[in-house]
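One structure below.
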Amino acid sequence: MSNKALMWLIGAIVAVGILADSVFIVDERQHAIVFQLGQMKGSDHEPGLHFKVPVIQSVRYFDRRILPLDRPSERFLTSEKKNVVVDFYVKWRIKDVGRYYRATGGIEAVAMDRLEDTMNRGLRNEFGKRTVQEAVSGERREIVEALVRTASDSVDELGIELVDVRVKRIDLPDTVSESVYARMRAERQRVAADLRARGAEAAEGIRAEADREREVILANAYREAEETRGAGDAESAEIYAGAFGKNEEFYRFYRSLEVYRNALSGQGDMLVLEPDSELFRYFKQAK
């Protein structure tokens, strides 16, 4: 190969390299900043093909997508000076890439730390205005809305915007939780003891009422039995009287037989009587 041809080849390679270095492509998922000798020249590049000055200018790319901030739970003091453990997350994205670069140097970790500081400060202020009951029982939406309002100016200085802020969980510290559970157990035990006492009182009342009704029923039954027995005795006496009136001698004889049967029916019974006793009246007549 001649020197002239070699020079043409080298020139073509250099030209291709210069041409390749003079264009850059911005993806839909990226922001791009053009730097010229270390100084930022442009940051408003739409997705597509763009040109730059070779060698003198360079390009840095930054993520255009939504990015998450999800750090470990943090403790915050309520207005009652009690700790609550808050677990939250933030979704954010770069809004102004030029401002983002000037504020953070284009380092995502720096942006994360500054955003976390802003959110922690806002949450500390919001929880400091509320009691534990207000914070836990259902004011999460109000807390988040207030947090977004107060944090908007700070994150705007970073060239980013908040897409979503959520408080996932609000818990009490373990020591406080144990004391709360202990109070809840004591309260439940007190309620249970009160219910048992009321049940025992009601049971005593029911038993007393049942005993009273039992006594009334027994008294009424005894009265009816005595009335029935009295009526039977009266009727029996009337029958006896009628029989005695019809045939007095036969009635005496029948009653004497009953006396003999009742007095002499048992084995080993012994009676000590005089021979002329009235009891042996019908024995004597039988001779």
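General remarks:
- Selection within segment 40-72 - closer than 19 Å to Glu116 by Cα and either of a type in the set (Phe, Trp, Tyr) or over 54 Å from the mean Cα position of the chain (by Cα) (or both): none
- Flag for Thr118 being β-branched (Val, Ile, Thr), closer than 22 Å to Lys168 by Cβ and modelled with pLDDT under 85: no
- Yes/no for Ala182 being within 30 Å of Phe88 (Cβ to Cβ) and among the small types (Gly, Ala, Ser): yes
- Strands (runs of 3 or more DSSP E) within segment 15-117 that include 1 or more residues exposed (fewer than 15 other Cβ atoms within 10 Å of the Cβ) and free of Cβ contacts under 8 Å to residues at least 40 places away in the same chain: 23-26, 30-36, 39-42, 48-51, 67-69
- Criterion: part of a helix (DSSP H, G or I), among the β-branched types (Val, Ile, Thr) and at pLDDT 80 or above - qualifying residue of Val163, Val176, Val216: Val216
- Verdict on Val155 being under 19 Å from the mean Cα position of the chain (by Cα) and either over 23 Å from Phe62 (Cβ atoms) or touching a residue at least 60 places away in the same chain (Cβ under 8 Å) (or both): no
- None of Lys41, Lys52 is of a type in the set (Lys, Arg), modelled with pLDDT under 80 and touching a strand residue (DSSP E or B) at 6+ places or on another chain (Cβ under 6 Å) except Lys52.
- Check on Gly122, surrounded by 13 or more Cβ atoms within 10 Å (Cβ to Cβ) and in contact (Cβ under 8 Å) with a residue 60 or more places away in the chain: no
The values are calculated or read from the model by the stated rules, or taken from the named source; none is laboratory data. Computed from a predicted structure; not experimentally measured. When we count neighbours, we look across all protein chains shown, and the Cβ atoms used for this are built from the backbone with ideal geometry, even at glycine.
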